[in-house]
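So the structure is just underneath, and the comments pick up after that.
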Amino acid sequence: MQKQDKPAHGMWASRWVFILAATGSAVGLGNIWRFPYITGEYGGGAFVLLYLACIAVMGVPIMIAEVMLGRRGGLSPIHSMKKLATDNKVTRRWAVIGYLGALSGFLILSFYSTVASWALYYAWEALQGVFQGISAADSQAHYQAMQANPWLMLGMHTLFMVLTMGVVAMGVKKGLERAVEILMPLLFVLLIVLIGYAATTSGFAQGVDFLFAFDFSKLSGQAVLDALGQAFFTLSLGMGAIMAYGAYMPRELRDKKSGQTRSVSIVSSVVIIAALDTLVALGAGLAIFPLLFTGGLEPAQGPGMMFVTLPLAFGQMPGGLLFGTLFFVLVVCAAWTSSISLGEPMVAWLVERGMRRWLASLLVGLAAWLLGVGSVLSFNVWKDYTFLGGSFFDNIELLSTSIMLPLGGLLIAIFAGWIMKETQVRKELGMKSFVLYMVWRAMVRIVAPLGVLAILIGFLTGALD
Ligand code: PFF
């Protein structure tokens, strides 16, 4: 067993804290507003099977690779990749994986904060009963009025950024670890309560049917691409968040009762994270669709569903004030634990270069906030300025999630599968079964890169149509 260097940022207290933190990164807006809808659209249970296959052959293998690189490197993704390149006697240009990741995390953080801050505002409004008895037209007008108000949006964006970078500034133990230990159990409890509530509504059976009834005729090439893209985004792959979290994962932990040390397995942890992420995504569908069907509303995806249709449904139901508030608190928890993982890689890099953590968090937060102002303004003041057919917000989102993330994931798979010495890989993974190891190796060398290439090519050819 290789000796662990003195950790630069602190270590997770246990394997479960790592699992919670990585699940916190994975479970986010993508699980709540995208997965349930594409599942319903593409034939329910048939799509769930396809999606699970994408998670198994691409998501899990790349996530294992990312955690493995992080734990082996022990530092921020940029410095970990430099170290691994030197150890493996290849060019230090491989650090591009770290730079690309830190940059895409920063770009995603800037617009993720804009949307998360709407949920923050809606939680506050739901609590005040703003949506009680609201009409469809008023719900639409309410959403538009919020977007048309740059000062309100800037205020909420600022608040969310302070919440995010405040946690990052407090460090791995006192910040990230404490936040996920509180927010993740809260998220699970809220989700269960909301599913329980949905189960009492008359549209429950229809909601379950929409999500799970098998209809293979609705699967298409586009469904495969969407399943691949969703599997990738939802697991937070390709941008170093998971690599940074892997660096804080100990190799061995002492069992408190027996006093013996046990190695901490990457593979089983990743399987649990992927399973929890999928369960939350399905659970979100179970909590949302019955409410829409009960209210006689059409299922939809994205901001429109979350900020127009759902408030309308909550406004009509008994108990809607309480459960509507809980729903938006759930969304804020999910987005918050994702956004801290977006800021951490760049902050960790600056800390390793000698900057104090609070200052690094302030600078990264300020820069992401400033870029986010562009996203905020693209809904009002800059509404009429478009570039390549999209707003500032649209373009930052496309560049980061559809181009930079898959590119990062491709390079990670190539480095772990083709460049890194096999002895190192085997040692770090410590997999007992040779057969399973060979299966992972085949996935990460061939299948996963092909999956990621399909996402990239699918996007580029679709975007150029
Ligand atoms: N996994 C998050 C979601 O599904 O919303 C998004 C995300 C968070 C992507 C963190 C990448 C990341 F590093």
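Couple of notes before you dig in:
- Condition check for Ala448: in a helix (DSSP H, G or I), in contact with a Pro (Cβ under 6 Å, 6 or more places away or on another chain) and more than 15 Å from the ligand (Cβ to nearest atom): yes
For (1) within 14 Å of the ligand (Cβ to nearest atom); (2) of a type outside the set (A, V, I, L, M); (3) within 27 Å of Arg426 (Cβ to Cβ); (4) assigned to a helix (DSSP H, G or I), each residue gets a yes or a no:
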position	(1), (2), (3), (4)
Gly24	yes, yes, no, yes
Ile32	yes, no, no, yes
Ile38	yes, no, no, yes
Val57	no, no, yes, yes
Glu66	yes, yes, yes, yes
Arg71	no, yes, yes, yes
His79	no, yes, yes, yes
Trp94	no, yes, yes, yes
Leu109	yes, no, no, yes
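- Filter result (within 17 Å of Val167 (Cα to Cα) and either of a type in the set (A, V, I, L, M) or assigned to a loop (DSSP other than H, G, I, E, B) (or both)) within segment 356-393: Arg356, Leu359, Ala360, Leu362, Leu363, Val364, Leu366, Ala367, Ala368
- Applying the criterion of being charged (D, E, K, R) and out of contact with any His (no Cβ under 6 Å at 6 or more places or on another chain) to the residues of segment 319-361, the residue that is nearest to Glu125 (Cα to Cα) is Glu344.
- For segment 111-154, taking the residues that are in contact with a Gly (Cβ under 7 Å, 6 or more places away or on another chain) and part of a helix (DSSP H, G or I), the one that is farthest from the ligand (Cβ to nearest atom) is identified as Ala126.
- Listed conditions (1) under 22 Å from the mean Cα position of the chain (by Cα); (2) modelled with pLDDT under 90; (3) over 22 Å from Thr234 (Cβ atoms); (4) of a type outside the set (Lys, Arg) are all met by Val376, apart from (2).
- Residues located in segment 358-394, provided they are among the hydrophobic types (A, V, I, L, M, F, W, C) and farther than 20 Å from Gly155 by Cβ: Trp358, Leu359, Ala360, Leu363, Val364, Phe387, Leu388
- Segment 250-265: number of residues that are β-branched (Val, Ile, Thr) and touching a residue at least 12 places away in the same chain (Cβ under 8 Å): 1
- Per-region count, segment 171-215, residues acidic (Asp, Glu) and over 27 Å from Phe47 (Cβ atoms): 2
- Residue in segment 286-297 that is away from the ligand (no atom under 16 Å from the Cβ) and surrounded by fewer than 19 Cβ atoms within 10 Å (Cβ to Cβ) present: yes
- Taken over segment 19-29, residues that are more than 17 Å from Val67 (Cβ to Cβ) and surrounded by fewer than 24 Cβ atoms within 10 Å (Cβ to Cβ) amount to 1.
- The condition of being surrounded by fewer than 19 Cβ atoms within 10 Å (Cβ to Cβ), away from the ligand (no atom under 16 Å from the Cβ), hydroxyl-bearing (Ser, Thr, Tyr) and in a helix (DSSP H, G or I) holds for Ser217.
- Scan segment 334-355 for residues that are of a type in the set (A, V, I, L, M), more than 13 Å from the ligand (Cβ to nearest atom) and either part of a helix (DSSP H, G or I) or touching a Phe, Trp or Tyr at 6+ places or on another chain (Cβ under 7 Å) (or both) and the total you get is 4.
- Of all residues in segment 384-402, those satisfying the criterion of being under 16 Å from the mean Cα position of the chain (by Cα) and either surrounded by fewer than 18 Cβ atoms within 10 Å (Cβ to Cβ) or not polar (S, T, N, Q) (or both) are Glu397, Leu398.
The values are calculated or read from the model by the stated rules, or taken from the named source; none is laboratory data. Predicted model, so just to flag it, every value in this text is computed and none were measured. As a convention, Cβ positions derive from the backbone with ideal geometry for all residues, glycine included, and neighbour counts pool all protein chains shown.
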